[in-house]
Structure formats: structure tokens, C-alpha cells
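Asker: Mind looking over this structure? Questions follow.
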Amino acid sequence: MKFDQDTKQKIAKQIEAKGALKPCARCGHQNFSLLDGFVSLPLSQEVSNNVVIGGPSVPCAVVACSNCGHIDFHALGALGLLNTQK
Ligand SMILES: [Zn+2]
């Protein structure tokens with residue numbers, strides 16, 4: 001999925017539809033920014049000094065508080081935005 005304006009609107013709409021509308025968990029500010037891109041959170045399944053590259057990961061949208069910069073992640077799968085064909 002390409003991160004364009006269309007996708008950005010879809011993500012914002014889905015987050016809203018899920019009722020994720022509470023103020024910032026850290027500072028109580030009401031305004032957030034959806035960052036211009038996805039992150040893939042890596043899932044580590046063992047604790048060691050070895051870093052596994054290319055293992056399982058969770059693609060997420062990133063929302064940042066406009067005041068304090070606190071960052072939250074929303075899994076794209078939960079928002080129904082994975083495997084969408086364009
Ligand atoms: Zn905040």
C-alpha cells in the first residue's frame with residue numbers, strides 16, 4: 001500500500017470509526033497528527049542478543065500528539081486496511 005493523501009484520509013476515517021478519539025494519554029491535548037508513512041513493528045520471539053532482520057512484523061499507522069509528541073501506533077490490519085487492492 002502506498003502512503004498517499006487517499007490512504008491518509010482512509011486511516012483517519014477508520015481510527016475515528018473505531019472510536020479512538022480520546023485525548024493524548026500523556027498530556028490530555030486534543031490534537032493529533034497522522035505521520036506521513038507506516039512503520040513495521042518487529043516481533044521478537046526470543047530474548048537474546050541476536051537481532052533478527054526480516055522476521056514477523058506489524059504494519060502500523062503512526063499518530064503523534066501535536067503538543068507533547070507522544071506517539072501511538074494503530075495496526076493497519078485492525079483498521080481493515082491490509083490487503084486492499086488499488
Ligand atoms: Zn500529548
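Asker: Taking only Cα atoms and a 10 Å spring cutoff, compute GNM fluctuations for the chain and point out the largest among Asn50, Asn31, Asn67.
Answerer: Looking only at Asn50, Asn31, Asn67, the biggest GNM fluctuation is shown by Asn50.
Asker: Looking only at Gln45, Gln30, Gln14, which one moves most when the chain is put into a Gaussian network model with springs between Cα atoms under 10 Å?
Answerer: Among Gln45, Gln30, Gln14, the largest GNM mean-square fluctuation belongs to Gln45.
Asker: Additional query: What shape does region 5-75 have by the C-alpha gyration tensor, where a ≥ b ≥ c are the square roots of the eigenvalues, rounded means a/c under 1.5, and otherwise prolate means a/b greater than b/c and oblate the rest?
Answerer: Prolate shape, in that a/c is at least 1.5 and a/b is the bigger ratio.
Asker: While we're here: Taking C-beta distances below 4.7 angstrom as the pairing criterion, name the unpartnered cysteines of the chain, in sequence order.
Answerer: By the Cβ distance rule, which asks for a partner under 4.7 Å, the isolated cysteines are Cys60.
Asker: What is the gain in length, in nm to one decimal, between Ala17 and Asn67 on full extension, counting 0.36 nm per residue of separation less the C-alpha to C-alpha distance?
Answerer: Extra length available between Ala17 and Asn67 comes to 15.7 nm.
Asker: Using unit Cβ charges (K, R positive; D, E negative) and no other charged atoms, how large, in debye to the nearest 20, is the dipole of the chain about its Cα centre?
Answerer: 220
Asker: Shifting gears a bit: Tell me the mean residue ellipticity at 222 nm calculated for the chain from its helices only (DSSP H runs of n ≥ 4, each -39500 (n - 2.57), averaged over every residue, nearest 500).
Answerer: That calculation yields -5000 deg cm²/dmol at 222 nm.
Asker: Angle between the Cα long axis of helix 5-17 and the longest principal axis of the chain, 0 to 90 degrees, nearest 10?
Answerer: 80
Taken together, the values in this text are just the output of simple stated rules run on the coordinates, not laboratory data. What you are looking at is a predicted structure, and each value in this text was computed from that prediction instead of being measured. So basically every Cβ, Gly included, is an ideal-geometry build from the backbone, and we count neighbours across all protein chains shown.
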